[in-house]
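Report on one structure; see the data block that follows.
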Amino acid sequence: MQGLISYAYAYARSKAIESNLIDNSILEQLISAPDVQQIINILMETSYKDYISYFSSKYSGVELIEMSLNSNLVKISRIALNITPRIGLDALRSYISKWDIANIKIIISSKVLGKKINETEMFLLSERDLPAGIVAGQMTPEDFKIMIEEQDIDSIIKYLLKFPYGKVLMDNIESFKKAGDPGEMLLSLDLFYYKNLIEKIKLFQGNELPVLHLISSQIDAKNIMTLIRGMDIGIQPPELKKYMIEGGNLKGQRLDDLLHASSISDVVEKVKDIYDLSKALERYNEYGDIKEFEIQLENYIVNKNISSFRIASPGLASIVGLLLMFETERENIRKIAYGRQYKFSNDRIKSMLIRVV
């Protein structure tokens with residue numbers, strides 16, 4: 001079947017699937033909902049209905065929303081793989097493998113924090129009882145269940161040695177053993193992900209330029225946020241060099257220049273020709289919340305790249321663009337649900353959202 005699939009078919013299917021995205025009027029209803037239960041009631045009138053009904057016997061509140069959102073994204077990912085011609089499958093699997101990595105990070109972080117199994121399972125990207133790794137062609141539901149039940153970090157990493165992720169973690173486990181903080185070890189998974197993804201995209205011969213631009217923008221965002229977070233807690237940029245990811249638009253001399261920034265304001269100044277973070281800086285200076293930079297970067301990346309995907313010819317870009325829109329929807333609904341749970345104002349919730357134009 002895969003050999004018969006063309007990108008013209010994939011493009012047409014992607015456009016049809018877009019109709020399942022919630023529109024702005026529903027988004028506004030969710031923002032205005034007085035409580036989490038009303039958010040659930042509104043989602044029951046959308047394509048999330050089946051998942052909410054399925055999980056409602058076991059979960060409630062934001063947990064029910066989390067499970068339903070995750071499951072829907074896995075379903076869309078599986079459809080994307082099914083409609084992608086064989087020539088683009090390796091590249092798309094590499095893109096989707098970020099959910100394998102996200103699940104591994106959640107499991108390891110939860111183990112370090114002493115979280116219970118059921119608290120961990122809730123956040124795994126899954127479709128009902130199916131973790132996202134199965135769609136990426138790497139990990140199965142049983143793999144994730146075994147990892148959750150392992151007694152310590154060493155056992156989890158040893159189990160993962162059957163996958164490429166295990167070797168990456170094993171090569172970087174010393175930092176965790178010395179400091180007791182898994183941060184540096186988990187960052188190695190990000191480094192592996194982006195390096196592997198860029199290689200797969202470059203090997204693929206098609207309209208990969210919009211996808212490469214997306215990846216480069218995401219790498220830039222990670223590097224910028226690493227510097228800002230570090231400086232916010234008193235770590236100087238040169239000390240953060242080992243956390244920088246190669247492959248972004250900010251590379252070579254520009255990346256080195258960033259590593260010599262004197263302040264967060266200086267970081268903002270050095271990247272303003274590509275990423276104008278001046279509004280985020282104003283809000284940071286007023287409220288002291290570095291999340292403002294993350295929100296503005298997310299908005300830039302999503303809108304800049306979705307615009308490129310929309311005008312791209314049929315190919316991998318149209319499929320990745322579809323996934324990006326559903327990923328964005330998931331993040332927006334999660335922000336609304338948690339914002340309402342923590343009694344944020346409507347204006348505050350709106351300021352956190354990624355507005356797709």
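The values are calculated or read from the model by the stated rules, or taken from the named source; none is laboratory data. Please read these numbers as outputs of a predicted model, since none were measured by experiment. Don't worry about glycine lacking a Cβ; one is built from the backbone with ideal geometry, like all the others, and counts go over all protein chains shown.
Looking across region 41-87, the residues that are touching a helix residue (DSSP H, G or I) at 6+ places or on another chain (Cβ under 6 Å) and of a type in the set (Val, Ile, Thr) come down to ILE42, ILE52, VAL62, ILE65, VAL74, ILE76, ILE83, THR84. Looking across region 7-61, the residues that are outside any helix (DSSP H, G or I) and either within 18 Å of THR328 (Cα to Cα) or among the hydrophobic types (A, V, I, L, M, F, W, C) (or both) come down to LEU21, ILE22, ASP23, ALA33, MET44, THR46, SER47, TYR48.
For a quick check of your reading of the model, give me the residue pairs whose first member lies in region 147-159 and is surrounded by 14 or more Cβ atoms within 10 Å (Cβ to Cβ), whose second is assigned to a loop (DSSP other than H, G, I, E, B), with beta-carbon atoms closer than 9 Å and at least 6 apart or on different chains. Between residues of region 147-159 that are surrounded by 14 or more Cβ atoms within 10 Å (Cβ to Cβ) and residues that are assigned to a loop (DSSP other than H, G, I, E, B), the close pairs are MET147/MET139; ILE148/LEU124; ILE153/PRO182; ILE156/GLU150; LYS158/GLU150; TYR159/GLU150. Checking SER313, SER262, SER318 one by one, the residue that is in a loop (DSSP other than H, G, I, E, B), within 26 Å of ALA91 (Cα to Cα) and of a type in the set (S, T, N, Q) is SER313 and no other.
Here ASP257 meets each of (1) part of a helix (DSSP H, G or I); (2) out of contact with any Lys or Arg (no Cβ under 8 Å at 6 or more places or on another chain); (3) among the charged types (D, E, K, R) with one exception, condition (2).
All of (1) among the small types (Gly, Ala, Ser); (2) without any contact (Cβ under 8 Å) to a residue 24 or more places away in the chain; (3) buried (at least 16 other Cβ atoms within 10 Å of the Cβ) hold for SER262 with one exception: (3).
Yes or no, residue by residue, for (1) of a type in the set (Gly, Ala, Ser); (2) at pLDDT 95 or above; (3) over 30 Å from ILE235 (Cβ atoms):
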{"position": "SER265", "(1), (2), (3)": "yes, yes, no"}
{"position": "LYS291", "(1), (2), (3)": "no, no, no"}
{"position": "ARG310", "(1), (2), (3)": "no, no, yes"}
{"position": "LYS335", "(1), (2), (3)": "no, yes, no"}
